[in-house]
Amino acid sequence: MKKIIIAVDGFSSCGKSTMAKALARSVGYLYFDSGAMYRAVALFCLENGLVQGETIAVEELREKMPQIRITFEADPETKNSITFLNGKNVESEIRSLRVSRIVSQVAALDFVRTDMIAQQREMGKAKGIVMDGRDIGTTVFPDAEMKVFVTASAEVRAQRRYDELTARGDNPNFQEILENVLQRDHIDQTREVSPLRKADDAILLDNSNMTREEQQEWLCEKFKEITAE
Ligand code: DC
């Protein structure tokens with residue numbers, strides 16, 4: 001069977017990663033979380049004194065970009081992908097609210113995107129990958145054979161993020177999360193470089209009222225159709 005690239009784009013917290021991971025596992029592809037890469041850069045900024053209040057020291061970050069190395073490894077037990085920043089496992093830290101608060105600003109910087117996109121294309125060279133993000137089907141892999149654009153209402157997405165943070169022992173505030181979701185939607189859709197938008201040839205998936213199983217079945221069916229062509 002021919003190997004393809006599966007690009008999964010969409011709004012924040014709409015279950016893209018869970019969905020993309022499950023799809024990768026069931027079709028035997030490698031999974032890459034491009035958002036984790038922007039999150040790792042944001043964490044680097046926080047850890048290196050490049051954030052004042054909620055403002056990024058852009059020129060200092062530009063200078064320090066060559067020092068940032070992001071890699072992924074599969075967890076030997078769960079097979080889930082783990083993000084490493086300069087050799088350190090940062091998978092949990094990059095999901096914190098302090099990173100979420102600044103990540104959209106980091107992801108809007110052209111030199112950050114150029115660097116990340118080059119790394120992402122390298123990851124897709126041999127095909128057989130599922131990558132999720134915001135611009136995978138539009139900019140990173142415009143020729144991807146399967147493109148999915150996922151969405152869900154802002155409230156449903158905030159509730160999912162709230163549940164995720166609660167499950168890991170945090171004590172989140174729903175309103176704060178909802179505001180963060182809306183603010184990130186706005187920044188992601190209106191930024192100058194690679195704004196979030198559905199590629200013309202992407203399949204739209206609104207999962208507000210879908211179970212994970214329904215979603216999975218739907219995707220596997222699409223995958224079969226595309227790879228059989
Ligand atoms: O999917 P996520 O919430 O982990 O993404 C984190 C941030 O990175 C979010 O603000 C959107 C941005 N992002 C992006 O601009 N391009 C991507 N390919 C992936 C994520």
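The values are calculated or read from the model by the stated rules, or taken from the named source; none is laboratory data. Worth saying up front: this structure is predicted, and the values here are computed from it rather than measured. Positions of Cβ are generated from backbone atoms using ideal geometry, with glycine treated the same way; all protein chains shown enter the neighbour counts. Side chains are part of the model used for accessible areas, which takes the heavy atoms of the whole protein and leaves out ligands, DNA and RNA. Shrake-Rupley method; radii C 1.70, N 1.55, O 1.52, S 1.80 Å.
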Cα shape, segment 35-143, gyration tensor, a/c 1.5 rule
oblate
Aspartates and glutamates within cross-link reach of Lys21: Cα-Cα under 17 Å, excluding same-chain residues under 8 positions apart?
Asp9, Asp33, Glu73, Asp75, Glu77, Glu91, Asp132, Glu164, Glu213, Glu214, Glu217, Glu221
Using modelled backbone amide H atoms (1.01 Å from N, in-plane), which distant-in-sequence or interchain residues come within less than 5 Å of Val150's amide H?
Asp9, Gly10, Phe11, Leu205
If amide hydrogens are placed 1.01 Å from N in the peptide plane, which non-local residues have theirs closer than 5 Å to the one on Ile5?
Gly128, Glu145, Met146
Among rounded, prolate and oblate, which fits the chain when a ≥ b ≥ c are the square roots of the eigenvalues of its C-alpha gyration tensor, a/c under 1.5 means rounded, and a/b larger than b/c means prolate?
prolate
Rounded, prolate or oblate, given the Cα gyration tensor of segment 163-229, with a/c below 1.5 counting as rounded?
oblate
How much area per residue is accessible in segment 152-208 when the probe is 1.4 Å and only protein heavy atoms are counted (Å²)?
58
For the residue pair Leu30 and Asp163, what label-to-label distance in nm results when each label sits 7 Å from Cα along the Cα-to-beta-carbon direction?
3.2
Given charges of +1 on the Cβ of Lys and Arg and -1 on the Cβ of Asp and Glu, with all other atoms neutral, how large is the dipole of the chain about its Cα centre, in debye to the nearest 20?
400
Average accessible surface area per residue within segment 1-107, 1.4 Å rolling probe, Å²
45
For helix 154-167, report the angle its Cα long axis makes with the longest principal axis of the Cα atoms of the chain; keep it between 0 and 90° and round to the nearest 10°.
70
Output the relative contact order of segment 10-167, whole-number percent, from Cα pairs under 8 angstrom with separation of 6+ residues.
36
For segment 56-100, which whole-number percentage of the solvent-accessible area (1.4 Å probe, protein heavy atoms only) is attributable to carbon and sulfur atoms?
50
Euclidean distance of C-alpha centroids, segment 207-229 and segment 151-170, integer Å:
23
Label model pair Val193, Cys220: point-to-point distance (7 angstrom along the Cα→beta-carbon line) in nm is 3.9
Once both axes come from the Cα atoms, what is the angle between helix 212-228 and the longest principal axis of the chain, in degrees from 0 to 90, rounded to 10?
60
